[in-house]
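Below you'll find the structure, written out as structure tokens, and then a few comments.
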Amino acid sequence: EAGVAQSPRYKIIEKRQSVAFWCNPISGHATLYWYQQILGQGPKLLIQFQNNGVVDDSQLPKDRFSAERLKGVDSTLKIQPAKLEDSAVYLCASSLGGSLADTQYFGPGTRLTVL
Amino acid sequence: RKEVEQDPGPFNVPEGATVAFNCTYSNSASQSFFWYRQDCRKEPKLLMSVYSSGNEDGRFTAQLNRASQYISLLIRDSKLSDSATYLCVVNFNKFYFGSGTKLNVKP
């Protein structure tokens with residue numbers, strides 16, 4: 001079974017530039033998550049989708065971050081404009097349903113460096 | 001106060017040792033609990049879910065104490081391959097990850 005795919009794997013940008021990340025979840029998984037993991041910290045949930053609807057985006061900095069999940073499959077996360085403190089690994093995860101007990105499967109992440 | 005707190009370690013142990021990690025959580029209404037493992041520069045992977053009755057998977061045992069709001073992970077007979085960061089995860093309406101406890105198993 002193919003895992004969660006993410007691209008690009010690495011991205012280096014200047015502050016105030018824009019960047020977009022792409023995620024393709026495991027086939028058939030209804031729930032998709034975007035996390036931000038800053039070095040030395042655990043992942044922090046940015047946004048959770050159930051199919052193509054937003055379940056939780058309370059920790060998404062909406063002045064600069066946006067995310068969408070068209071047709072309930074692939075998702076993109078955008079940062080515009082980027083700040084130095086956005087340097088982190090952006091992890092996408094998916095789970096079969098929306099149950100609290102569902103296992104989350106993570107993609108390899110996109111490592112973003114903002115200079 | 002953070003929603004989930006863990007001792008960052010590192011825990012440096014010899015092969016064959018038994019090691020235990022604790023994790024505390026702030027919200028008594030938390031509903032589900034997990035341990036994830038994260039290797040250096042890799043993504044987190046589920047190690048095990050944690051149930052109220054406690055559960056065991058081979059050399060790994062997880063316990064939940066709702067009254068004291070902590071969960072624990074016990075690793076017996078440590079292997080070199082157990083070296084990783086162990087993330088405690090708690091769900092109350094959304095998933096909260098601890099910062100992780102780093103384990104180094106030495107030959």
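Checking residue B:49 against (1) within 11 Å of chain A (Cβ to nearest Cβ); (2) touching a residue at least 24 places away in the same chain (Cβ under 8 Å); (3) over 13 Å from residue B:100 (Cα atoms), which test does it fail?
(2)
Tell me yes or no: at least one residue of region A:46-59 is among the charged types (D, E, K, R), assigned to a loop (DSSP other than H, G, I, E, B) and at pLDDT 95 or above.
yes
Of the numbered conditions (1) loosely packed, with under 12 Cβ neighbours inside 10 Å; (2) touching a strand residue (DSSP E or B) at 6+ places or on another chain (Cβ under 6 Å); (3) in contact (Cβ under 8 Å) with a residue 40 or more places away in the chain; (4) within 27 Å of residue A:94 (Cα to Cα), residue B:33 satisfies every one except a single condition; which is it?
(1)
Are any residues in region A:8-56 within 14 Å of chain B (Cβ to nearest Cβ), among the hydroxyl-bearing types (Ser, Thr, Tyr) and more than 17 Å from residue A:89 (Cβ to Cβ), and if so, which ones?
Result: A:31, single match.
Would you please name the residue that is nearest to residue A:36 (Cα to Cα), looking only at residues in region B:36-46 that are free of Cβ contacts under 8 Å to residues at least 24 places away in the same chain and not in a loop (DSSP other than H, G, I, E, B)?
Here the answer is B:45.
Looking at region A:1-20, I want the residues that are surrounded by 13 or more Cβ atoms within 10 Å (Cβ to Cβ) and have a partner that is small (Gly, Ala, Ser) and not in a loop (DSSP other than H, G, I, E, B) with Cβ atoms under 6 Å, at least 6 apart or on another chain. Which pairs are those?
As it stands, the answer is A:4/A:94, since those pairs meet every condition given.
Can you name every residue in region A:67-115 that is within 14 Å of chain B (Cβ to nearest Cβ), free of Cβ contacts under 8 Å to residues at least 40 places away in the same chain and either in contact with a strand residue (DSSP E or B) (Cβ under 7 Å, 6 or more places away or on another chain) or under 18 Å from residue A:7 (Cβ atoms) (or both)?
A:100, A:101, A:103, listed by residue number.
Do we find that residue B:70 is within 26 Å of residue A:36 (Cα to Cα) and at pLDDT 95 or above in this structure?
Criteria not met by residue B:70.
The values are calculated or read from the model by the stated rules, or taken from the named source; none is laboratory data. Values in this document were obtained by computation on a predicted structure and should not be read as measured data. Positions of Cβ are backbone-derived with ideal geometry, glycine not excepted, and every protein chain shown enters the neighbour counts.
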